[in-house]
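Scroll down for the structure; my scribbles are underneath it.
The values are calculated or read from the model by the stated rules, or taken from the named source; none is laboratory data. These figures come from a predicted structure and were not determined experimentally. No Cβ is skipped: glycine too gets one built from the backbone with ideal geometry, and neighbour counts run over all protein chains shown.
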Amino acid sequence: MAILRGVSRWEPNARGRLQQAALELFAERGFDETTVEEIAGRAGLTKRTFFRHFSDKREVLFDGNDEFTARFVGGLAAAPASAPPLEAIAATLESVAGWFHDRRDFARRRQAVIVANAELQERELVKLASVAAALAAALRERGVEEPQASVLAETAVAIFRVAFERWVASDRDLTELIHESVDALRAVAAAT
(Lines give C-alpha, C1' and ligand atoms only; values in the text may rest on other atoms or scores of the structure.)
Protein backbone atom coordinates (compact mmCIF):
# COMPACT_ATOMS: atom_id res chain seq x y z
CA MET A 1 0.00 0.00 0.00
CA ALA A 2 1.39 3.41 -0.90
CA ILE A 3 2.19 5.76 1.96
CA LEU A 4 1.84 9.51 1.61
CA ARG A 5 3.49 11.57 4.37
CA GLY A 6 2.93 8.84 6.95
CA VAL A 7 -0.77 8.41 6.22
CA SER A 8 -1.98 5.41 4.27
CA ARG A 9 -3.92 6.29 1.13
CA TRP A 10 -6.67 3.80 1.73
CA GLU A 11 -7.62 1.39 4.46
CA PRO A 12 -11.02 -0.17 5.10
CA ASN A 13 -13.55 1.12 7.63
CA ALA A 14 -12.40 4.74 7.74
CA ARG A 15 -15.72 5.81 9.29
CA GLY A 16 -15.46 3.26 12.10
CA ARG A 17 -11.82 4.13 12.75
CA LEU A 18 -12.70 7.81 12.97
CA GLN A 19 -15.49 7.06 15.45
CA GLN A 20 -13.18 4.89 17.55
CA ALA A 21 -10.43 7.52 17.54
CA ALA A 22 -12.89 10.28 18.42
CA LEU A 23 -14.33 8.37 21.38
CA GLU A 24 -10.83 7.62 22.69
CA LEU A 25 -9.79 11.26 22.41
CA PHE A 26 -13.04 12.59 23.87
CA ALA A 27 -12.53 10.30 26.89
CA GLU A 28 -8.86 11.30 27.27
CA ARG A 29 -9.04 15.04 26.60
CA GLY A 30 -12.70 15.99 26.62
CA PHE A 31 -14.95 16.85 23.72
CA ASP A 32 -14.16 20.56 23.56
CA GLU A 33 -10.40 20.03 23.73
CA THR A 34 -10.30 17.49 20.89
CA THR A 35 -9.77 18.70 17.33
CA VAL A 36 -10.77 17.14 14.03
CA GLU A 37 -7.07 17.02 13.10
CA GLU A 38 -6.32 14.97 16.21
CA ILE A 39 -9.18 12.57 15.49
CA ALA A 40 -8.03 12.05 11.91
CA GLY A 41 -4.42 11.63 13.03
CA ARG A 42 -5.33 9.05 15.67
CA ALA A 43 -7.29 7.12 13.04
CA GLY A 44 -4.35 7.27 10.62
CA LEU A 45 -6.36 9.38 8.19
CA THR A 46 -6.43 12.93 6.93
CA LYS A 47 -8.65 15.81 7.99
CA ARG A 48 -10.09 15.75 4.48
CA THR A 49 -11.11 12.11 4.96
CA PHE A 50 -12.77 13.05 8.24
CA PHE A 51 -14.92 15.63 6.45
CA ARG A 52 -15.90 13.10 3.78
CA HIS A 53 -17.60 11.12 6.54
CA PHE A 54 -18.71 13.74 9.09
CA SER A 55 -19.63 17.41 8.85
CA ASP A 56 -18.10 18.15 12.28
CA LYS A 57 -16.88 16.31 15.37
CA ARG A 58 -20.36 16.28 16.95
CA GLU A 59 -21.60 14.15 14.07
CA VAL A 60 -19.28 11.35 15.19
CA LEU A 61 -21.58 10.98 18.20
CA PHE A 62 -24.85 11.56 16.34
CA ASP A 63 -24.15 9.54 13.21
CA GLY A 64 -27.11 7.34 12.38
CA ASN A 65 -29.88 9.61 13.74
CA ASP A 66 -32.04 9.00 10.69
CA GLU A 67 -31.64 5.25 11.07
CA PHE A 68 -32.40 5.55 14.80
CA THR A 69 -35.65 7.41 14.10
CA ALA A 70 -36.52 4.97 11.32
CA ARG A 71 -36.13 2.09 13.80
CA PHE A 72 -38.86 3.60 15.98
CA VAL A 73 -41.21 4.30 13.09
CA GLY A 74 -40.50 0.92 11.50
CA GLY A 75 -41.05 -0.88 14.78
CA LEU A 76 -44.42 0.79 15.13
CA ALA A 77 -45.35 -0.06 11.53
CA ALA A 78 -44.47 -3.71 12.21
CA ALA A 79 -46.72 -3.89 15.30
CA PRO A 80 -50.03 -5.65 14.66
CA ALA A 81 -52.70 -3.24 13.43
CA SER A 82 -55.06 -4.62 16.08
CA ALA A 83 -52.65 -3.84 18.95
CA PRO A 84 -53.82 -1.13 21.35
CA PRO A 85 -51.55 1.95 21.16
CA LEU A 86 -49.58 1.19 24.34
CA GLU A 87 -48.96 -2.39 23.22
CA ALA A 88 -47.86 -1.15 19.79
CA ILE A 89 -45.42 1.21 21.51
CA ALA A 90 -44.10 -1.64 23.69
CA ALA A 91 -43.46 -3.69 20.53
CA THR A 92 -41.76 -0.68 18.96
CA LEU A 93 -39.41 -0.27 21.91
CA GLU A 94 -38.54 -3.97 21.84
CA SER A 95 -37.70 -3.65 18.17
CA VAL A 96 -35.42 -0.67 18.83
CA ALA A 97 -33.72 -2.51 21.72
CA GLY A 98 -32.66 -5.25 19.32
CA TRP A 99 -30.68 -2.72 17.28
CA PHE A 100 -28.49 -1.99 20.31
CA HIS A 101 -27.70 -5.61 21.16
CA ASP A 102 -24.05 -5.47 20.00
CA ARG A 103 -23.52 -1.75 20.64
CA ARG A 104 -23.18 -1.56 24.42
CA ASP A 105 -19.48 -0.58 24.51
CA PHE A 106 -19.97 2.20 21.97
CA ALA A 107 -23.17 3.33 23.73
CA ARG A 108 -21.43 3.52 27.11
CA ARG A 109 -18.53 5.53 25.81
CA ARG A 110 -20.81 7.81 23.76
CA GLN A 111 -23.08 8.37 26.76
CA ALA A 112 -20.12 9.32 28.98
CA VAL A 113 -19.04 11.98 26.46
CA ILE A 114 -22.57 13.37 26.15
CA VAL A 115 -23.19 13.49 29.91
CA ALA A 116 -19.97 15.52 30.35
CA ASN A 117 -20.99 18.25 27.87
CA ALA A 118 -24.06 20.50 28.11
CA GLU A 119 -24.09 21.28 24.35
CA LEU A 120 -24.11 17.56 23.53
CA GLN A 121 -26.84 16.91 26.09
CA GLU A 122 -28.95 19.52 24.33
CA ARG A 123 -28.24 17.91 20.96
CA GLU A 124 -29.29 14.52 22.38
CA LEU A 125 -32.58 16.02 23.57
CA VAL A 126 -33.20 17.51 20.12
CA LYS A 127 -32.56 14.07 18.59
CA LEU A 128 -35.05 12.45 20.97
CA ALA A 129 -37.62 15.18 20.28
CA SER A 130 -37.39 14.43 16.57
CA VAL A 131 -37.96 10.74 17.33
CA ALA A 132 -41.05 11.66 19.37
CA ALA A 133 -42.39 13.84 16.54
CA ALA A 134 -41.91 11.06 13.98
CA LEU A 135 -43.48 8.53 16.32
CA ALA A 136 -46.49 10.80 16.97
CA ALA A 137 -47.01 11.15 13.22
CA ALA A 138 -46.83 7.37 12.80
CA LEU A 139 -49.34 6.90 15.63
CA ARG A 140 -51.72 9.36 13.96
CA GLU A 141 -51.39 7.32 10.77
CA ARG A 142 -52.50 4.29 12.82
CA GLY A 143 -55.61 6.24 13.81
CA VAL A 144 -54.56 7.45 17.26
CA GLU A 145 -56.09 10.89 17.85
CA GLU A 146 -54.41 13.93 19.36
CA PRO A 147 -53.40 14.59 22.07
CA GLN A 148 -53.05 10.85 22.77
CA ALA A 149 -50.63 10.32 19.85
CA SER A 150 -48.23 13.02 21.07
CA VAL A 151 -48.51 12.00 24.72
CA LEU A 152 -47.85 8.37 23.87
CA ALA A 153 -44.91 9.24 21.57
CA GLU A 154 -43.28 11.41 24.25
CA THR A 155 -43.91 8.66 26.81
CA ALA A 156 -42.29 6.08 24.52
CA VAL A 157 -39.18 8.24 24.23
CA ALA A 158 -39.09 8.70 28.02
CA ILE A 159 -39.41 4.94 28.55
CA PHE A 160 -36.62 4.34 26.07
CA ARG A 161 -34.39 6.97 27.68
CA VAL A 162 -34.85 5.59 31.21
CA ALA A 163 -34.22 2.01 30.05
CA PHE A 164 -31.23 3.05 27.92
CA GLU A 165 -29.59 4.95 30.79
CA ARG A 166 -30.06 1.94 33.07
CA TRP A 167 -28.67 -0.34 30.34
CA VAL A 168 -25.44 1.59 29.78
CA ALA A 169 -24.89 1.67 33.56
CA SER A 170 -25.38 -2.09 34.01
CA ASP A 171 -24.92 -5.48 32.42
CA ARG A 172 -28.65 -6.07 32.09
CA ASP A 173 -30.53 -6.69 28.86
CA LEU A 174 -32.06 -3.59 27.23
CA THR A 175 -35.25 -5.41 26.25
CA GLU A 176 -35.74 -6.53 29.85
CA LEU A 177 -35.25 -2.98 31.09
CA ILE A 178 -37.75 -1.69 28.53
CA HIS A 179 -40.29 -4.28 29.74
CA GLU A 180 -39.74 -3.09 33.34
CA SER A 181 -40.29 0.53 32.32
CA VAL A 182 -43.45 -0.28 30.32
CA ASP A 183 -44.73 -2.34 33.27
CA ALA A 184 -44.04 0.62 35.57
CA LEU A 185 -46.14 2.84 33.27
CA ARG A 186 -48.95 0.29 33.25
CA ALA A 187 -48.87 0.14 37.06
CA VAL A 188 -49.07 3.93 37.34
CA ALA A 189 -51.92 4.08 34.81
CA ALA A 190 -53.83 1.30 36.62
CA ALA A 191 -53.45 3.08 39.96
CA THR A 192 -55.10 6.28 38.75
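At-a-glance table
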read-out	value
Residue count for the range 26-53, restricted to those that are surrounded by fewer than 21 Cβ atoms within 10 Å (Cβ to Cβ) and part of a helix (DSSP H, G or I)	14
Matching residues, the range 1-45, being modelled with pLDDT of 95 or more and over 25 Å from ASP105 (Cβ atoms)	GLU37
Check on LEU23, touching a residue at least 12 places away in the same chain (Cβ under 8 Å), buried (at least 17 other Cβ atoms within 10 Å of the Cβ) and either in the same structural domain as LEU139 (by TED's automatic domain parsing) or assigned to a helix (DSSP H, G or I) (or both)	yes
Any hit, the range 94-101, residues being at pLDDT 95 or above and outside any helix (DSSP H, G or I)	no
Hits in the range 99-128 - residues which are exposed (fewer than 13 other Cβ atoms within 10 Å of the Cβ) and small (Gly, Ala, Ser)	ALA118
Count - residues of the range 47-77 that are farther than 15 Å from ALA134 by Cα and either in contact with a helix residue (DSSP H, G or I) (Cβ under 9 Å, 6 or more places away or on another chain) or touching a residue at least 40 places away in the same chain (Cβ under 8 Å) (or both)	16
Residues of the range 116-131 satisfying the condition of being in a helix (DSSP H, G or I) and in contact with a Phe, Trp or Tyr (Cβ under 7 Å, 6 or more places away or on another chain)	LEU120, ARG123, LYS127, VAL131
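Each row is one residue, and each column tells you yes or no for (1) out of contact with any helix residue (DSSP H, G or I) (no Cβ under 9 Å at 6 or more places or on another chain); (2) among the aromatic types (Phe, Trp, Tyr); (3) over 19 Å from ALA83 (Cα atoms); (4) in a helix (DSSP H, G or I).
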site: ALA112; (1), (2), (3), (4): no, no, yes, yes
site: ALA133; (1), (2), (3), (4): no, no, yes, yes
site: ALA137; (1), (2), (3), (4): no, no, no, yes
site: GLU146; (1), (2), (3), (4): no, no, no, no
site: SER150; (1), (2), (3), (4): no, no, no, yes
site: PHE164; (1), (2), (3), (4): no, yes, yes, yes
site: LEU185; (1), (2), (3), (4): no, no, no, yes
